[in-house]
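The values are calculated or read from the model by the stated rules, or taken from the named source; none is laboratory data. Note that the structure is predicted; figures quoted are calculated from it, not measured. Virtual Cβ from ideal backbone geometry, glycine too; neighbours counted across all protein chains shown.
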Number of protein chains: 2
Amino acid sequence: MATIKDVASKAGVAVSTVSRVINSSGYVGEETKKRVLNAMKELRFRPSHIARGLVSGKTYTIGLIIPDIANPFFPEIARGVEDEAIKNNFNVILCNSDWKIDREKMYLSLLLEKWCDGVIIVGSRSEEIDLLRTLGDLPFVSMDRDISSAGHSVWVDNVLGGYTATKHLYSMGYRHVIHISGPLNAPSAVARRKGYELAVKEFALQSPVVVESDYRKSGGFTAVMSILDDSSKERFDAVFAGNDLMAIGVLHAANDRGICIGEELGVIGYDGIPESEDTFPSLTTMFQPGYEMGRRACELLLSEIATPSSRLIKEVFKAELKIRKSTKRS
Amino acid sequence: MATIKDVASKAGVAVSTVSRVINSSGYVGEETKKRVLNAMKELRFRPSHIARGLVSGKTYTIGLIIPDIANPFFPEIARGVEDEAIKNNFNVILCNSDWKIDREKMYLSLLLEKWCDGVIIVGSRSEEIDLLRTLGDLPFVSMDRDISSAGHSVWVDNVLGGYTATKHLYSMGYRHVIHISGPLNAPSAVARRKGYELAVKEFALQSPVVVESDYRKSGGFTAVMSILDDSSKERFDAVFAGNDLMAIGVLHAANDRGICIGEELGVIGYDGIPESEDTFPSLTTMFQPGYEMGRRACELLLSEIATPSSRLIKEVFKAELKIRKSTKRS
DNA sequence: TTGTACGCGTTATCAT
DNA sequence: ATGATAACGCGTACAA
């Protein structure tokens, strides 16, 4: 790789002159400029961001720590983040934490050592205090988590979402709504459950029935199956699943048992992953605008990087009810 | 951020001693070592990968250029790449090219300037010669593309896959198989079509019928609809879609028209995205082991980075036929 | 066993 | 308008 020095000697000027040409800072004579530009072309010169970074302390790189890019809700977020980043000449380092606290920490260390300019953390389950300790004063934005005492945050109102989902089921005529929740160490799962409970108290005489699961298809499947098989459990005619993946598991279970979804059993999910349109029957869900959330989170992060501010922004999105066939009685 | 200098003065030693402790290279007295370690803790010292990189020329970062992380086949690959990378202390920079040649080029430039140690390029549509020109001697692995005169490559045998898919349809009793292909500037689409044509020639009297589309749900949908509406077109009783997304579009179209999939119309897709299990009816497809392919591509890249070799490895995976309900007559 | 000094590629400050 | 040089944080010969 050709360096600025090579360019300088080839053009017969000093490195500082070349630097001025590259950054178009300071005075450079027309003639000299041409010579330098030519030398750059011929040597296929590329300025080193590494050396630049060492001087400036900026790397134009941010970290994105998400639980699992292979989990269908996250690619949308990642895409939103990356689009906004590249628009501003930033790159994104992808980190999959698997919801593991120590993996999060490990990635944070690496990102810190690589002097990345900021981090977006999605769905962290770490203690906030621990996060802040290792982050130091690195700009960051947290997503999918309702609280944050430092750094901006972007989330959807999951209590409202859970409430809306449950309310929708009652409004469609279902009377015994159970909830299959995500793992209750996930803030989002806790919030959605809370929304569910609120709605149950408001609209029904039943008491809340919550089964904790794992946000996965298989989890939704077995959760429903076990309730179906346990005759001691109450009857139910609708389920609010904590996310779409589990809802799809529920769909499978019901199909296997010959239960007619919609008619006999109402099912609503959460997330609005693309797949929810293509299930049988199509899945009613609470759509989260993942792309836009990711984009916005990145926007906030970049503005924080550009000009640190003391004001904390908490951006709250609303999940949007998408009514489809899994909650319709024909 | 504390530097190696700060640690040195705090511990009352020279920077080189600290450096030796960090890298456990060279001799360091037990007592000194302890003092240095303590100083590091107290100062929360983190070695700068940037400075290291400038010296060593290595950044422990690779680039992953894929068309679109939000497209359901790619997250699996990305996850495989990232898992293998982090296992070796490498980070992955995520780049979405949208199949655009100039975006690929732009990302390559950035990655080059950031001195990343290597690149994995998935589904590139650039001219090979152009790629090689801008890549220079940067180690790289190309995926999902059948040829490569420099750098390793990982792909699935799409001709075989297309052949197998088509053959399966005939073996299930369908007689008029049409093909909805991906965009024919995509090498994968061309190869799959070729496999289709081979099978048609071998197993049927009909001539091949190919409709070019765009690898998207809506593309599959409209492609089928237009054929259905065009009475001049031949009749068909099965379709091999170039990927699962388009196959899902076909499913929707057939459902809309009241065509019984499986019975009246056989449908097979390609990719084996998670969603293909949950459609109605479940989608027969050619499964590509995305995770494993990504993992392997990264493995190849890292070994190339560690010890450059002249030997070019071409790793060919096979797509696996997953028989489900969309190709079954009951 | 430990310290000194140079170099990595670049920017920025100061002279010229 | 241009050139010389220190500095960024670290690794590494080489000297002590």
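Brief remarks on what is shown
- Matching residues, segment B:146-160, being closer than 18 Å to B:Tyr196 by Cα and surrounded by fewer than 22 Cβ atoms within 10 Å (Cβ to Cβ): B:Asp146, B:Asp157, B:Val159, B:Leu160
- Failed item in (1) of a type in the set (A, V, I, L, M, F, W, C); (2) away from DNA strand D (no atom under 16 Å from the Cβ); (3) free of Cβ contacts under 8 Å to residues at least 40 places away in the same chain; (4) in contact with a Phe, Trp or Tyr (Cβ under 8 Å, 6 or more places away or on another chain), with A:Ile77 passing the rest: (3)
- Selection within segment B:78-116 - among the charged types (D, E, K, R) and closer than 18 Å to B:Glu292 by Cα: B:Arg79, B:Glu82, B:Asp83, B:Glu84, B:Lys87
- All positions within segment B:243-290 that are of a type in the set (Phe, Trp, Tyr) and touching a Pro at 6+ places or on another chain (Cβ under 9 Å): B:Phe280
- Meets criteria (more than 11 Å from DNA strand D (Cβ to nearest atom), farther than 30 Å from B:Gly294 by Cβ and within 14 Å of chain A (Cβ to nearest Cβ)) for B:Lys41: yes
- The residue list B:Arg257, B:Arg216 contains one member that is over 31 Å from the mean Cα position of the chain (by Cα) and in the same structural domain as B:Gly272 (by TED's automatic domain parsing), which is B:Arg257.
- Taking first residues from segment B:3-23 that are under 9 Å from B:Ala39 (Cβ atoms) and in contact (Cβ under 8 Å) with a residue 60 or more places away in the chain and partners that are in a helix (DSSP H, G or I) and near DNA strand D (Cβ under 7 Å from one of its atoms), no Cβ contact under 9 Å between residues at least 6 apart in sequence or on separate chains turns up.
- Residue check for A:Ile129: outside the structural domain of A:Val250 (by TED's automatic domain parsing) and touching a Cys at 6+ places or on another chain (Cβ under 7 Å): no
- Search result, residues across segment B:138-147 that are assigned to a loop (DSSP other than H, G, I, E, B) and closer than 23 Å to B:Asn243 by Cα: B:Asp144, B:Arg145, B:Asp146, B:Ile147
- Residue within segment B:125-135 that is within 8 Å of chain A (Cβ to nearest Cβ), more than 16 Å from DNA strand C (Cβ to nearest atom) and not hydrophobic (A, V, I, L, M, F, W, C) present: no
- Lone qualifier among A:Ile69, A:Ile62 - being more than 25 Å from A:Ser19 (Cα to Cα) and facing another protein chain (nearest Cβ under 7 Å): A:Ile69
- If you check A:Lys87, A:Lys34, A:Lys105 for being within 22 Å of A:Leu132 (Cβ to Cβ), over 14 Å from the mean Cα position of the chain (by Cα) and not hydroxyl-bearing (Ser, Thr, Tyr), only one passes: A:Lys105.
- Residues of segment B:182-226 that turn out to be assigned to a helix (DSSP H, G or I) and either within 16 Å of B:Thr285 (Cα to Cα) or among the charged types (D, E, K, R) (or both), as a count: 12
- Number of the exception - A:Leu228 against (1) touching a strand residue (DSSP E or B) at 6+ places or on another chain (Cβ under 9 Å); (2) farther than 23 Å from A:Met143 by Cα; (3) surrounded by fewer than 19 Cβ atoms within 10 Å (Cβ to Cβ): (1)
- Just one of the numbered conditions (1) at pLDDT 95 or above; (2) within 12 Å of DNA strand D (Cβ to nearest atom); (3) on the phi > 0 side of the Ramachandran plot is not true of B:Ser24: (1).
- Test for B:Asp278: is it outside the structural domain of B:Ile77 (by TED's automatic domain parsing), under 17 Å from the mean Cα position of the chain (by Cα), farther than 13 Å from B:Trp155 by Cβ and crowded, with 16+ Cβ neighbours inside 10 Å: no
- Residue list for segment B:82-116, filter: part of a loop (DSSP other than H, G, I, E, B) and more than 7 Å from chain A (Cβ to nearest Cβ): B:Asn88, B:Asn89, B:Phe90, B:Ser97, B:Asp98, B:Trp99, B:Lys100, B:Cys116
- Any chance A:Gly80 is surrounded by fewer than 17 Cβ atoms within 10 Å (Cβ to Cβ) and of a type outside the set (Asp, Glu): no
- Candidates A:Ser24, A:Ser56, filtered to the one that is within 14 Å of chain B (Cβ to nearest Cβ) and under 30 Å from A:Cys298 (Cα atoms): A:Ser56
- Subset of segment B:244-271 (residues that are within 14 Å of chain A (Cβ to nearest Cβ) and either polar (S, T, N, Q) or in contact with a strand residue (DSSP E or B) (Cβ under 7 Å, 6 or more places away or on another chain) (or both)): B:Asp244, B:Met246, B:Ala247, B:Ile248, B:Val250, B:Leu251, B:Ala254, B:Asn255, B:Ile261, B:Val267, B:Gly269, B:Asp271
- The lone criterion from (1) over 19 Å from B:Glu304 (Cβ atoms); (2) at pLDDT 95 or above; (3) out of contact with any His (no Cβ under 9 Å at 6 or more places or on another chain); (4) in a helix (DSSP H, G or I) left unmet by B:His179 is number (4).
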